[in-house]
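The values are calculated or read from the model by the stated rules, or taken from the named source; none is laboratory data. No experiment lies behind these values; they were computed from the predicted model shown. Cβ sites come from the backbone with ideal geometry, for glycine too, and all protein chains shown count toward neighbours.
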Amino acid sequence: MKTIAVIPGDGIGVDVTRECMRVLHRVNDTFSAGLEFTEFDWSADKYLQEGVTLPAGALDMLRNDFAAILFGAIGDPRVPDNRHAADILLGMRFGLDLYANVRPVVLMHEKLCPLKNAAVENVNFTVIRENTEGAYVNAGGVFKKGTADEIATQEEIHTRKGVERVIAYAYEYAQAKGRGQVCMSDKSNVMRFAGDLWQRTFKDVGARYPGIRSSHLYVDALTLLMVLKPADFEVIVTNNMFGDIVTDLAAALQGGLGMAASGNINPGGVSLFEPVHGSAPPLAGRNVANPMGSILTAAMMLEHLGLAEPARTIESAVAKCVAADQTTSDIGGKLGTREVTDAILSYL
């Protein structure tokens, strides 16, 4: 038995998670997958009503009692500083040491790609983003705020341990998936101190995997070539900020944020899976959000848990819906959120 923590969050996170759970319950019945689900109401509503973001003891509970976490989306304009979102999502990423953010970029049909003459085989790579260091550790400060002499500093932090383990994860991922190339991207020609650490570590780790070709691109060149020659890439590994940026570009190549899945991985502990899109509060409850990103995220989670057959079955059902235009309007269809899930269930 595998117990999954389900956190719908805010906005359309609630909508897509509801549909995702319909698919997971069907998979559970069809494949006797042995999944159990526990839902948590950690959200803007809870924060506004009770002042609670991530409850005391939550991380230990997740770490000890659950096989994985399925997350919706978080963010609400009623919380202007988004404190609850930072405490909940970043709290889990840092507190559970989810150091590898894994984002597969898979084009399910040529019509979804904005690039002319793109074929499905041209867009099939994975971006692995360092997830617990870099520019997102909230290091820095403000001096003389609100004056003409105001100074703001924002610091990046990179450790040898953090850089080495995410690069090693990228090589291990490539090896496990039968991929022959890992590309590391940075901006070491300008950001010399962090870049030097990434460059040396990449060289050291790459030497342990002689069967995998290592390459390097500055991040500006990477974004250019992701558009011009996406077929050149198999596995990309990069830091927290650059990974955040290039994965949105990558999502556009596969049909937009509504089609993008991700996993926040700790190979030795509980991992968290979430669609890439945000909470989009104006769209919440209107039956318009694309549930495919969440459903494909569930497939990622199942594969991570050793349930490869149901994972592939879900991906196949989503691909059939895309081919048949049984989709929401963001990718050219005319169906609502619930109706897309109905179609996916019919193929399952």
Quiz item: Does A174 satisfy the condition of being among the small types (G, A, S) and touching a strand residue (DSSP E or B) at 6+ places or on another chain (Cβ under 8 Å)?
Solution: yes
Quiz item: For residues in region 34-55 being assigned to a helix (DSSP H, G or I) and charged (D, E, K, R), which is surrounded by the fewest Cβ atoms within 10 Å (Cβ to Cβ)?
Solution: E50
Self-check item: strands (runs of 3 or more DSSP E) completely within region 97-174 that count 3 or more residues being over 18 Å from F233 (Cβ atoms)
Solution: 134-143, 151-157
Self-check item: Residue pairs meeting the criteria (Cβ under 9 Å; at least 6 apart or on separate chains; first within 17 Å of E234 (Cα to Cα), in region 244-261; second acidic (D, E) and assigned to a helix (DSSP H, G or I))
Solution: A260/D248
Exercise. Would you mention how many residues in region 290-348 are at pLDDT 95 or above and more than 19 Å from G255 (Cβ to Cβ)?
Key: 17
Quiz item: Looking at region 1-33, which of the residues that are assigned to a loop (DSSP other than H, G, I, E, B) and in contact (Cβ under 8 Å) with a residue 40 or more places away in the chain is surrounded by the most Cβ atoms within 10 Å (Cβ to Cβ)?
Solution: D10
Self-check item: Tabulated pairs, region 169-185, first within 13 Å of V205 (Cα to Cα), second assigned to a strand (DSSP E or B) and of a type in the set (G, A, S), C-beta under 6 angstrom, 6+ apart or interchain
Solution: Y169/A100; V182/S214; C183/S215
Exercise. Being over 21 Å from E164 (Cβ atoms) and among the aliphatic types (A, V, I, L, M) is the filter; apply it to region 230-245 and report the residue that is surrounded by the fewest Cβ atoms within 10 Å (Cβ to Cβ).
Key: A231
Practice problem: Just need a number here: residues in region 71-89 that are surrounded by 13 or more Cβ atoms within 10 Å (Cβ to Cβ) and not in a loop (DSSP other than H, G, I, E, B). | Solution: 9
Exercise. Mind telling me which of the residues A119, A68, A58 ends up being surrounded by 14 or more Cβ atoms within 10 Å (Cβ to Cβ) and either at pLDDT below 95 or in contact with a helix residue (DSSP H, G or I) (Cβ under 7 Å, 6 or more places away or on another chain) (or both)?
Key: A68
Quiz item: Are any residues in region 293-348 of a type in the set (V, I, T) and without any contact (Cβ under 8 Å) to a residue 40 or more places away in the chain, and if so, which ones?
Solution: T327
Quiz item: Any chance region 5-27 includes a residue that's of a type in the set (S, T, Y), assigned by TED's automatic domain parsing to the domain that holds E303 and over 19 Å from E339 (Cα atoms)?
Solution: no
Quiz prompt | Residue that is surrounded by the fewest Cβ atoms within 10 Å (Cβ to Cβ) [pool: residues in region 329-348 that are part of a helix (DSSP H, G or I) and touching an Asp or Glu at 6+ places or on another chain (Cβ under 7 Å)] | solution = R338
Quiz prompt | Only listed residue being in the same structural domain as L89 (by TED's automatic domain parsing) and buried (at least 22 other Cβ atoms within 10 Å of the Cβ), chosen from E274, E303, E315 | solution = E274
Quiz item: How many of the residues in region 159-172 are surrounded by fewer than 22 Cβ atoms within 10 Å (Cβ to Cβ) and either under 19 Å from V246 (Cα atoms) or touching a helix residue (DSSP H, G or I) at 6+ places or on another chain (Cβ under 7 Å) (or both)?
Solution: 4
Practice problem: Consider G285 carefully, then state whether it is over 23 Å from S32 (Cα atoms) and crowded, with 21+ Cβ neighbours inside 10 Å. | Solution: no
Exercise. Using the structure shown, decide if R93 is assigned to a strand (DSSP E or B), of a type in the set (K, R), touching a strand residue (DSSP E or B) at 6+ places or on another chain (Cβ under 7 Å) and buried (at least 17 other Cβ atoms within 10 Å of the Cβ).
Key: no
Quiz item: Is it fair to say N290 is in contact with a Ser or Thr (Cβ under 7 Å, 6 or more places away or on another chain), surrounded by 20 or more Cβ atoms within 10 Å (Cβ to Cβ) and either without any contact (Cβ under 8 Å) to a residue 40 or more places away in the chain or among the polar types (S, T, N, Q) (or both)?
Solution: yes
Quiz item: Pairs under 7 Å by beta carbon, first residue at pLDDT below 95 in region 191-206, partner part of a helix (DSSP H, G or I), six or more apart or different chains?
Solution: none
